[in-house]
Amino acid sequence: MNYKKYIDENIIRCEASHRGGGIEINCQPLFKIENAKASAYQNYLGGGLLGSVCFNANFETENDKQAEQLQELAEALKKYFHDLANHDDEWENESYEANQNKPESAY
């Protein structure tokens, strides 16, 4: 499945900056679960550093196939948000993999 296209077509809200933010998407068309939503978000750690990109969904999958699909969507959404939030010169050289080795928050 082309998750990038799916994400592009199902964005509910998105705020991405050098200070973190988040993106929320509608998952109802994909999972056929009423009001299903998922989000990726990133915290600002301070000192010019962003934490790792995290994922959250407000629904539980109903079978193994959906669970696998949700894992794939989670990774795609985190990468998608990383690309949005790390668009300026200050973060241009940090890869997704390097970012994911950082903590989620400074607390």
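Computed quantities for the displayed model
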item	result
Among (1) surrounded by fewer than 18 Cβ atoms within 10 Å (Cβ to Cβ); (2) modelled with pLDDT of 95 or more - the single one Leu70 does not satisfy	(1)
Counted residues, the stretch 2-55 - those being surrounded by 13 or more Cβ atoms within 10 Å (Cβ to Cβ), over 22 Å from Pro103 (Cβ atoms) and not hydrophobic (A, V, I, L, M, F, W, C)	8
Out of Gly51, Gly47, sole residue that is at positive phi, without any contact (Cβ under 8 Å) to a residue 60 or more places away in the chain and not basic (Lys, Arg)	Gly47
Top-ranked residue of the stretch 73-86 - restricted to ones that are buried (at least 20 other Cβ atoms within 10 Å of the Cβ) and either farther than 17 Å from Glu24 by Cβ or not aliphatic (A, V, I, L, M) (or both), ranked as farthest from the chain's Cα centre (by Cα)	Asn86
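The values are calculated or read from the model by the stated rules, or taken from the named source; none is laboratory data. Being a predicted model, the structure only gives us computed values, none of them experimental. So basically every Cβ, Gly included, is an ideal-geometry build from the backbone, and we count neighbours across all protein chains shown.
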